[in-house]
Amino acid sequence: MTDSLFPETDFTPPPDTPPAAAPARYLETLNESQRTAVEQMDGPVLVLAGAGTGKTRVLTTRLAHLLLLGKARPWEMLAVTFTNKAAREMRERVDMLLGHEIEGWWVGTFHALGARVLRSHAEAVGLKSTFSIIDTDDQIRLVKQLLEAHEVDDKRWPARTMAGILQRWKDRGLTPDKVSDVEGSDAADGKAVEIYRDYQNRLRTLNAADFGDLLLHNLTIFQENPDVLAKYQDKFRYILVDEYQDTNVAQYLWLRLLAQTHRNICCVGDDDQSIYSWRGAEVGNILRFESDFPGAAVVRLERNYRSTPHILAAASGLIRHNEGRLGKTLWTDINEGEKIRIRGVWDGEEEARFVGGEIENMHGTGRALNDMAVLVRAGFQTREFEDRLVTLALPYRVIGGLRFYERQEIRDAVAYLRVIAQPDDDLAFERIVNLPKRGIGQATMRTVHQYARAQNISLTVAIRHLIETDEMKAKARSTLAAVMADFDRWRSLLSGMGHPALAELVLDESGYTAMWRDKARGDRSPDAVGRLDNLKELIAALEDYENLTGFLEHVSLVMENEDKGDEDKVTLMTLHGAKGLEFNTVFLPGWEEGLFPHQRAMDESGTAGLEEERRLAYVGLTRARERAIISFAANRRVYNQWQSAIPSRFIDELPPENVAVESQPGLYGGNRGGGVSSYDPDEGHSFGGRRRGAYREKLQDAAPWQTGGQANGASGTASRKFGVGERIFHQKFGYGRVLIVDGNKLEISFEKAGTKKVMDSFVEEA
């Protein structure tokens, strides 16, 4: 052949590595299951690789083995990964095994390999081989133009939302003509499919493709050009796929088409670690592998080289509650190690104190901070841990995202507060004067800057002068006057309203919260939805400071905790971002119903959502080498309101012989007993009812809250009756007197914390 995709050069093993001798050496380093996965070369193979079982070694050794035995030449093998880093590591390991660099083979991500095919056959889908690949910003800009052309309200259907819908259709392998009428009528006032079609036509005119097109166009080429498909089917004698559980529909269809001729496809993955449905991953792809490829060999890698027996047993016991899985049990011959610790605390602040104290103590005994991680379910949870680590002067890094106070929405919100506290803060004012957009253009701000410099005054003072003149257009003067009036009003409310309530008011009245709500609507990615959660967490953070000035000073100190390269640091990250990583010590905070498992996941996807949340818990546990510490709080501030919380059902699903339950000491000045808030699989959420879980006796004594039974030696139910004027004590707010009684809700004037509304079960007689 003369096609550059199919070089005629031959590959032969290096002369100093005879094929008969080399395999014996590197195969001896494998355990029995790993070796079976490597040597099972012909026909479809599914390798179920549990966490820490050496799947990368299996993949790379299998590639080298195929080459050394002469089963295929490099360009006859297709190795697919999900990240460039994984592809690079795979190449390097194979080169190291063979002792020289391999050239001409196809190793890369789905997108990279799809683009490579598309470059050679672009004309088949109306493109030129020189097509460009547009990024997300360009995609959103193009979609916005089309929404305007179709007269679709961009407030109801923001361009980002519409772009997300198009991407999800592409992830499912749907071209515009394949989207059902019912599905198409649900978005963009029923014009979604028409917009999709125009979007694709516009990309062809621009000779461009977005990332979703790279595989979607491949599917079109293969399905409409059997000769091209046959060419690639014949070319790729062996196909290897990493992280198969994370494939979406388009990726699945692409692989199935390519594997039909030789059927030598080996997929490595773990159905128990499928946690990315929100970005299109279909766990069903791995679950139906045997039916897709009849006669497939299934090899289970169950020997774990990472974690202690207690950690593995707990993780295995938890994941067994999922019905949608192929099943495997991890084991290890490592020493028994510590049991998983389960810690109940009063609230999120106490949880951060506990975790910070544990980190400080371990670091004091010589353990490296780099070996410790705090893995949270939602990004907003990092804030309290960041604050605590700063207080303890313990350096940290946030992986997979910015530190809390570095995030765009937090910087913007803090800028509003900075202007309220200090009207002459030009940097803060300039950041938010047109955010959300108010029609204040560059020309207007240029006029303001020129006047401010000439008079040596701040921007806000300059604006107060200019709105009384005709230097600017009437509309600009009116808009700026309204902005200044808003800040004057907010500033006047500060002393009477308090800074937390004022911050919430500012974000609402300025339109800033609504701006992010519109952008996040319809976008299921944790990043987009999490911005509003982060803003709510910011409001909650303000409660911890006596005044706005104190809070802003704290933010400045946090921002000084700059990244210093390879410095020893604690890692903070989400559970989604932690997949593939490992640490000696892992803290898993926030294991409460509604937070983990996350209520949104269950509301949107029911049982499937719950099972994915459980897989996420499994991933979190199996990141730990030596110790895992789970914590949960009796109370959380949600929407700046205190809410009682109950422990996650996942806690009750952990085998009791592998855990040690402990409580926050001295919470109520005495022992606590009685029923414990819990999830009961037969009864649902039970407040003070019977508890069927494994920790009934342990948690009765350990849990730092009450919902039934006895409390502090008092008999009867936990709901106690208090009268107006009665003096009480609250663990967090201290001493106070009851002002209003409304059922089991009390409004109390606390001596130091002011007036608060609390549940009567959280207070006791003083």
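Quick notes
- Between 0 and 90°, nearest 10: helix 226-235 axis offset from the chain longest Cα axis: 80
- Calculated on alpha-carbon atoms, Rg and Dmax of the range 167-310 in Å: 18.2, 59
- Projecting the Cα atoms of Gly498, Gly511, Val374 onto the charge dipole of the chain, computed from C-beta unit charges around the Cα centre, puts Gly511 farthest toward the positive end.
- Along each principal axis, Cα extent of the range 298-416, largest first, Å: 57, 37, 27
- Amide H contacts for Ser648 (H built 1.01 Å from N in the peptide plane; partners 5 or more residues away or on another chain; cut-off under 5 Å): Glu592, Glu593.
- A 1.4 Å probe run over the protein chains yields, for the chain, 43 Å² of accessible area per residue, whole-number rounding.
- As a ratio to 2.2 N^0.38 Å, the alpha-carbon radius of gyration computed for the range 268-358 takes the value 1.45.
- Close amide H contacts of Tyr396 (hydrogens built in the peptide plane, cut-off under 5 Å, sequence separation of 5 or more or a different chain): Val570.
- Solvent-free Debye scattering, log10 I(q)/I(0), computed from the Cα coordinates of the range 597-645 at q = 0.13, 0.16, 0.28 Å⁻¹: -0.45, -0.66, -0.96
- Applying both filters, DSSP loop and at most 14 other Cβ atoms within 10 Å, to the GluC sites (Glu not before Pro) of the range 58-117 gives Glu101, Glu103.
- Mean Cβ neighbour count within 10 Å, used as a protection proxy, ranking 303-313, 425-435, 469-479 highest first: 303-313, 425-435, 469-479
- Normalised size of the chain, defined as Cα radius of gyration per 2.2 N^0.38 Å with N residues, equals 1.09.
- Span per principal axis, largest first, for the Cα atoms of the range 194-259 (Å): 38, 30, 18
- Residue-normalised convex hull volume from the C-alpha trace of the range 123-205: 91 Å³ per residue.
- Here is the list for the range 320-424: GluC sites (Glu not before Pro) lying in DSSP coil, each with at most 11 other C-beta atoms within 10 angstrom of its C-beta, are Glu323, Glu336.
- Rounded to the nearest 20, the Cβ-based charge dipole of the range 295-347 about its Cα centre (Lys and Arg +1, Asp and Glu -1) stands at 100 debye.
- Remark: the chain carries a charge dipole of roughly 280 debye about the Cα centre, counting +1 on each Lys and Arg Cβ and -1 on each Asp and Glu Cβ.
- Among 192-200, 508-516, 584-592, the order from most to least packed when residues are scored by Cβ within 10 Å on average: 584-592, 192-200, 508-516
- Surrounding net charge for Ala766, when Lys and Arg each add one and Asp and Glu each subtract one, Cβ distance under 12 Å: -2
- Here is the tail figure for the range 245-318: Cα pairs spaced more than 20 Å apart come to 42 percent of all pairs.
- Fraction of accessible area attributable to carbon and sulfur, the chain (%, probe 1.4 Å): 47
- Rg ratio (alpha-carbon, reference 2.2 N^0.38 Å) - the range 536-636: 1.34
- Helix 599-621 and the longest principal axis of the Cα set of the chain meet at an angle near 70°.
- Cut-off 10 Å between beta-carbons: net charge of the residues surrounding Glu243, Lys and Arg +1, Asp and Glu -1: -1
- Antiparallel %, DSSP beta bridges [both residues in the chain], to 5: 40
- Computed [θ] at 222 nm, deg cm²/dmol, the chain (DSSP H ≥ 4; -39,500 (n - 2.57); rounded to nearest 500): -13000 deg cm²/dmol
- Over all other residues within a Cβ to Cβ distance under 14 Å of Pro44, the charged ones net out to +2, with Lys and Arg as +1 and Asp and Glu as -1.
- Karplus-derived HN-Hα couplings along the range 379-390 (A = 6.51, B = -1.76, C = 1.60, θ = phi - 60°), whole Hz, x at Gly and Pro: x, 5, 5, 5, 4, 5, 6, 4, 4, 5, 5, 5
- Cα lying deepest toward the dipole's positive end in the range 95-173, options Pro158, Ile102, Thr130, charges on Cβ: Pro158
The values are calculated or read from the model by the stated rules, or taken from the named source; none is laboratory data. Nothing here was measured: the structure is a model prediction, and the numbers come from that model. Reconstructed Cβ throughout: ideal geometry from the backbone, glycine too, with neighbour counts over all protein chains shown. Surface areas here come from the heavy atoms of the whole protein model, side chains and all, with no ligands, DNA or RNA. Shrake-Rupley method; radii C 1.70, N 1.55, O 1.52, S 1.80 Å.
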